[in-house]
Amino acid sequence: MSTIQTGTHEKYGVHYKTLTLTDGEYALTVTPEKGGMATSFTKNGEEYLWLRDKNFESTDRPRCGIPILFPNCGRPDGGVHHFDGAVCPIEIHGLADLVPWQVKTAADDAIELTLAPNGLTKFVYPFEFLLTMRYTLCGNTATLALTVANHGEKEMPFSVSAVTVCALAPVSLVLILRK
């Protein structure tokens, strides 16, 4: 059975709140303010995820941890998407890993984070979505379950991915997609 701890990642004058699930000798840390991504997975203190310090502390796209890619997993043609005749500029790999996520629950059995539309997201992706990422830890297995919900009236095109920046066999990724 895992237990939850709160903490702070602090380096180079930057502070981010963290949530850590611990089960025996394993620990999984999530940083909601940094795109809701997993930023650490350890066994007896030995790190298995790569955290590129200078990149993590900047506002640049994260190239470390397990970033969540949504609503696109690559570079759109010409750097823009076309939705209902509108041109929407969007970064490579979307927006989810660039914005803070909200903590829905932080308990011993799971951490759940959500991302809902705001002014910035609607400018580049004009849809009424709700992302919910659920992190659990059971022994040496960390599970990441992403739910994508469309709360709008129109069809919502998207792709998702979670990229592990290391060779980490015990992580399984479960994607649950629903309209």
- What is the distance, in nm, between label points placed 7 Å from the Cα along the Cα-to-Cβ direction at T6 and at E25? 3.1
- Item | Sorted by Cβ density within 10 Å, fewest first, the residues S159, S2, S40 | S159, S40, S2
- Taking Lys and Arg as +1 and Asp and Glu as -1, residues besides Y125 with C-beta under 14 Å from its C-beta add up to -3
- Label points 7 Å out from Cα along the Cβ direction at A86 and T143: separation in nm? 3.7
- aspartates and glutamates with Cα under 12 Å of K11, excluding same-chain neighbours fewer than 8 positions away: D53, E57
- Query: Please state the relative contact order of the range 99-155 as a whole percent: Cα pairs under 8 Å, 6+ residues apart?
  - Reply: 27
- Task: Please compute the net charge surrounding T136, taking Lys and Arg as +1 and Asp and Glu as -1 over other residues with Cβ under 13 Å from its Cβ.
- Result: -3
- Message: Give me the one-decimal Kirkwood hydrodynamic radius in Å for the range 67-160, with the sum taken over alpha-carbon pairs.
- Response: 14.3
- Note on the structure: A correct Stokes-Einstein calculation for the range 107-162, using the alpha-carbon Kirkwood radius, 25 °C and 0.890 mPa s, returns a whole-number D in µm² s⁻¹ of 190
- Task: Classify the range 86-127 as rounded, prolate or oblate, taking a ≥ b ≥ c as the square roots of the eigenvalues of its Cα gyration tensor: rounded when a/c is under 1.5, otherwise prolate if a/b is larger than b/c and oblate if not.
- Result: prolate
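Readers should treat all values here as calculations from the given coordinates under stated rules, not as data from a laboratory. All of these numbers come straight from a predicted model, not from anything done at the bench. Cβ sites come from the backbone with ideal geometry, for glycine too, and all protein chains shown count toward neighbours.
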